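Engineer: Here it is: the structure, laid out below.
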Amino acid sequence: MLHSYRKILVPFLTMIAVVTLLFKLGWWQLEQKQRKELIVARIEQRAGAAPLNTSVAELAVHNSPVDDLDYTPVALKGRFIHESEVAVFTNRELGSSKHAGPGYDILTLFEDQKNGLVLINRGFVPQQFRQSQNRPLGEIKGNIQITGLIRKPERHSYVDVPDRPDRSEFAVRDPKIIIAAKLTEEQKQSASLFIDDFYIDLRTPVPEGELPSPNKTTVNLPNRHLEYVITWWGLALVFIGMFGVFLRQRFKQV
């Protein structure tokens, strides 16, 4: 009998070690889930605040990491420089708007009253409205006040299509790349400064004809931690069950 117990000691200790590891992994994922939910709640609270009346110069001297500014609502006065318009291919989810499916986000430089420049994502257009002449009512002229949310840049991944600056088409919303490609020497000299470490998602005004259609910016942080919790703890239960089957077979042999 003592010999039989010795035979199950190593499998028992192995099972304890594996189950402990899987339980700790599941617990860590549960903590990450709670942390992510707190971040989302904080961002949603920030995005719901009243827009801060500001200027490009004031935004340019921020001392916060861009992540801490992400989703901050701001209001600026100035004008769009429509000849700087570029397009970023995207696919708006069906049902989120009457304008959905494959298309482009239209980004344009905005010059504030102190000659500061910042890139504005004016919103989505379906593919057939890629060219500005197909949506003449979408170009808001003159000095206006806009409101929007500061957004951190997107980064290229290995699956992205190449940028086509010669066609004013880009794969991601990265203001450093877009401004470097589209800002003319004349604009560089006339601008007091320009911001290229973030862009702004336009909220208002909505142009006549509703194109480009301003994006309904949503907080979209991946949060699949509950799936991982279930996976790790489910595997722990499987190992316990397998050890139970092993024990039953062993004791049958005694």
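What follows is calculated from the coordinates using simple rules that are stated; it is not laboratory data. Values in this document were obtained by computation on a predicted structure and should not be read as measured data. So basically every Cβ, Gly included, is an ideal-geometry build from the backbone, and we count neighbours across all protein chains shown.
Engineer: Find the centroid of the Cα atoms in the stretch 119-184 and in the stretch 20-59, then give the distance between the two in whole Å.
Structural biologist: 27 Å
Engineer: Taking a threshold of 22 Å on the Cα-Cα distance, which of the pairs Lys152/Lys182; Lys114/Lys216; Lys36/Lys176 fall above it?
Structural biologist: Pairs exceeding the cut-off: Lys114/Lys216; Lys36/Lys176.
Engineer: From the Cα trace of the chain, what convex hull volume per residue do you get, rounded to a whole Å³?
Structural biologist: For the chain, the hull spanned by Cα atoms encloses 175 Å³ per residue.
Engineer: Taking θ as phi - 60°, what are the ³J(HN,Hα) couplings along the stretch 79-85 by the Karplus curve (6.51, -1.76, 1.60), each to the nearest whole Hz, with x for Gly and Pro?
Structural biologist: In residue order, the calculated couplings are 9, 7, 9, 5, 5, 8, 4 Hz.
Engineer: OK, next. Rank-order 15-24, 193-202 by packing density, defined as the average count of other C-beta atoms within 10 Å over each peptide's residues, highest first.
Structural biologist: The most tightly packed comes first, giving 193-202, 15-24.
Engineer: For Gly138, what charge total do you get from the other residues with a beta carbon under 9 Å from its beta carbon, if Lys and Arg give +1 and Asp and Glu give -1?
Structural biologist: Here the count lands on -1.
Engineer: Right, next: Report the antiparallel proportion of the DSSP beta bridges in the chain as a percent, rounded to a multiple of 5.
Structural biologist: Antiparallel bridges make up about 80 percent of those DSSP assigns within the chain.
Engineer: Moving on. Just tell me, in residue order, which DSSP H segments of the chain are both 15 angstrom or longer along the helix axis (alpha-carbon based) and at least 0.0 in mean Kyte-Doolittle hydropathy.
Structural biologist: Span-like helices, by this rule, are 2-47, 225-253.
Engineer: Given H placed on each backbone N at 1.01 Å, which residues far from Glu154 in sequence or on other chains put an amide H within less than 5 Å of it?
Structural biologist: Hits under the 5 Å cutoff: Arg173, Asp174.
Engineer: Place the peptides 78-91, 134-147 in order of packing, highest mean first, counting for every residue the other Cβ atoms within 10 Å and averaging per peptide.
Structural biologist: Put in order of decreasing packing, that is 78-91, 134-147.
Engineer: Now a separate question. Would you please give the residues with an amide H less than 5 Å from that of Arg203, counting only those at least 5 places away or on a separate chain, with H modeled from the backbone geometry?
Structural biologist: Close amide H contacts, sequence-distant or interchain: Thr147, Gly148, Leu149.
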